[in-house]
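Report on the structure given below.
What follows draws every value from the coordinates through simple rules; no lab data is involved. This is a predicted model, so every value here is computed, not measured. Cβ atoms come from the backbone with ideal geometry, glycine included; neighbour counts cover every protein chain shown.
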Amino acid sequence: MDEYGNSGEGRATRRDEAVRAAVEQGLLGPDSPIVGLLDATGIRESAAELRAAFAEVTAPGTPVLHAFAVKATPLVPVLRLLREEGIGAEVASPGELALARAAGLSPAETVLDSPAKTPAELREALALGIAVNADNPQELDRIDGLARSAVSRSPLGIRVNPQVGGGSIGATSTATATSKFGVALRDEGAREWVVRAYLDRPWLSRLHAHTGSQGIPLPLMAQGVAETYALAEEINRRIGRPQIDTIDIGGGLPVNFASDVTAPTYAEYARALREAVPGLFDGRYGLVTEFGRSLLAKHGTIVARVEYAKSAGGRAVAVTHAGVQVATRTVYVPGSWPLRITAYDGKGRPKSGPEVVQDVAGPACFAGDLLAEGRALPLLGQGDYAAALDTGAYYFAHHYAYNSLARPGIYGFVPDRAGGVRFATVRDPQTLASIVAESGGAHAGALTTLHAPGSR
């Protein structure tokens, strides 16, 4: 049982019932061999756990904005559900901002972070009053120019890199010595430049850091927040007043992909922060968080039909419709991003029987397209289903169009009052016409009209 009641066992039960119901209701079958399923109950529970965890450690009346990292699951219905549960949006591109606005997120509920904001992006954010964290001195110069030409209600700050080190996955470690994000505080002269930036700009009121993501241990995350807090204290002390009134601590809580248990929990992280940085929670600073993976990962499942069951070199191989197009990180870097696989029979019921070492392969035309290699599971046969668990973040909403494979439909689910499951469409399955359109179908003859001078 998770600290605030989000039971791993409860999630597993809801998932099993949803897979069975998806087959019974025709969402899964020979003509729709892959779907993404989202547990709306679980998403609501995680949002409540996040809010409760920080409410437990902050002083009464402290302004707190929990902004979901839209990149984790860029789906408008997900953002709308989270907004209903008191969660805002952290966006990092014009597309993500458009999604947040389509979901009904207000500027006050939105934070813009990106290492490559264009003048147009900055201008739009400032016009709307969206909070902006400047990533580097050149971006701050741009904001200076925009601020001189128009009045803005946007809370503004600087993103810093505390350079506390990386975790077990280099690609998701954002506080290393050479990370591309933020102002590197330990570089020569950088800390003083940050302090001077605030001294010269009374309108800079926030400080932001994001220590890491999957693979970063809690003590290292807490260290990054502690160093950011210490910098805020130094800046306010040098200025002689509390100019920085909000600290954005980013997100990055890692997810346990080994079982249905949620570990670590938001409560554990919040308490670790209170122990490491007690002044952060005494009411002098507002807080912003930017969690993504930890809010959604456990509540998504990719389910794919086994099209063929075969063997090679004495090993069983289940060829499914889920591979690199929906699980890109797992296929290309399986050591860092392994996924649990659950076997279901042709009626969507959990499969039992002796476990057999087998490969669970995807549909793409290269040998490495494997969801799992040498995995012990009840033997998957033709017409069965393989489910990739914990895929609610950075998986089925991040399609990779290898072989022009279509994006699967995504369906949210909740238990109904009759003991069944009710589904709602989150995203329609991609059509072949859409694939052709995205691949230049409207410009089919474009290249045939181009000829070098003298070639004809």
Problem - Karplus-derived 3J(HN,Hα), 6.51/-1.76/1.60, for each residue of the range 54-69, Hz, glycine and proline x - result: 7, 5, 5, 9, 8, 5, x, x, 5, x, 10, 10, 8, 10, 5, 6
Problem - Whole-Hz ³J(HN,Hα) from phi, Karplus 6.51 cos²θ - 1.76 cosθ + 1.60, for the range 394-410, glycine and proline x - result: 6, 10, 5, 8, 10, 5, 10, 7, 4, 6, 6, 6, 6, 5, x, x, 10
Completion exercise
Proxy exposure order for Phe423, Phe257 (fewest C-beta within 10 Å first) is Phe257, Phe423
Handout entry: the range 298-436 - charge dipole about Cα centre, Lys and Arg +1 at Cβ, Asp and Glu -1, debye rounded to 20
Key = 280 debye
Fill in the blank from the handout: Distance in Å, no decimals, from the C-alpha centre of the range 285-320 to the one of the range 42-72 is 25 Å
Problem - Contour excess over end-to-end distance, with Cα ends at Arg80 and Ala437 and 0.36 nm allotted per residue - result: 125.7 nm
Problem - By average C-beta atoms within 10 angstrom, highest first, the peptides 436-442, 242-248, 290-296 - result: 290-296, 242-248, 436-442
Completion exercise
Under the 7 Å Cα-to-Cβ spin-label approximation, Lys310 and Arg186 lie apart by a distance in nanometres of 5.1 nm
Practice task
Name the residue farthest towards the positive end of the dipole of the chain from the options Gly88, Gly104, Gly454, assuming +1 on Cβ of Lys and Arg, -1 on Cβ of Asp and Glu, about the Cα centre.
Solution key: Gly454
Practice task
For Lys117, go through the lysines and keep the ones whose alpha-carbon is under 23 Å away, minus same-chain ones fewer than eight residues off.
Solution key: Lys71, Lys180
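Normalised by the number of residues in the chain, what is the relative contact order in percent for Cα pairs under 8 Å and 6+ residues apart? Provide the component values of the computation, followed by the final result.
On the way: 953 pairs, mean separation 81.9, N = 456.
Rounded, it is 18 percent for the chain.
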Fill in the blank from the handout: Quick note, the range 298-436: a/c under 1.5 would make it rounded; otherwise a/b > b/c is prolate and the rest oblate (a ≥ b ≥ c, C-alpha gyration tensor); here it is oblate
Handout entry: Stretchable slack from Glu56 to His451, in nm (0.36 nm times residue separation minus alpha-carbon distance)
Key = 135.3 nm
Exercise for the section: For a footprinting-style exposure proxy, rank Ser152, Ser213 by other Cβ within 10 Å, fewest first. Expected result: Ser152, Ser213
Exercise for the section: Extending each Cα 7 Å along its Cβ direction at Arg340 and Ala98, get the distance between those two points in nm, one decimal. Expected result: 3.7 nm
Handout entry: Inter-label distance, nm, simple model (7 Å from Cα along the C-beta direction), Ser352/Ser32
Key = 2.9 nm
Problem - Fully extended contour minus Cα-Cα distance, from Asp416 to Glu233, at 0.36 nm per residue - result: 60.8 nm
Completion exercise
Interchain or sequence-distant (5+) residues whose placed amide H lies within less than 5 Å of the amide H of Ser154 are Gly129
Problem - Structure-derived mean projected area of the Cα convex hull in nm² - corresponding label in (i) 27.1; (ii) 28.4; (iii) 21.3 - result: (i)
Exercise for the section: List every residue whose amide H lies under 5 Å from the amide H of Arg422, counting only residues 5 or more places away in sequence or on a different chain, with H placed 1.01 Å from N in the peptide plane. Expected result: Val414, Asp416
Practice task
Measure nothing but the geometry: give the 0 to 90° angle between the long axis through the Cα atoms of 218-239 and the longest principal axis through the Cα atoms of the chain, rounded to 10°.
Solution key: 20 degrees
Completion exercise
The set of residues whose placed amide H lies less than 5 Å from the amide H of Gly250, leaving out same-chain residues fewer than 5 positions away, is Ala209, Glu290
Completion exercise
Most exposed first, judged by fewest Cβ atoms within 10 angstrom, Arg417, Arg14, Arg422 run Arg417, Arg422, Arg14
Handout entry: Mean Cα-pair separation over length for the range 41-297, i.e. relative contact order, pairs under 8 Å, 6 or more apart, %
Key = 22 percent
Practice task
Enter the Cα centre distance for the pair the range 364-426 and the range 217-237, rounded to the nearest angstrom.
Solution key: 40 Å
Exercise for the section: Using θ = phi - 60° and the Karplus relation 6.51 cos²θ - 1.76 cosθ + 1.60, list the HN-Hα couplings for the range 284-297 in order, rounded to whole Hz, with x at every Gly or Pro. Expected result: 7, 10, x, 10, 10, 10, 9, 6, x, 3, 5, 7, 10, 3
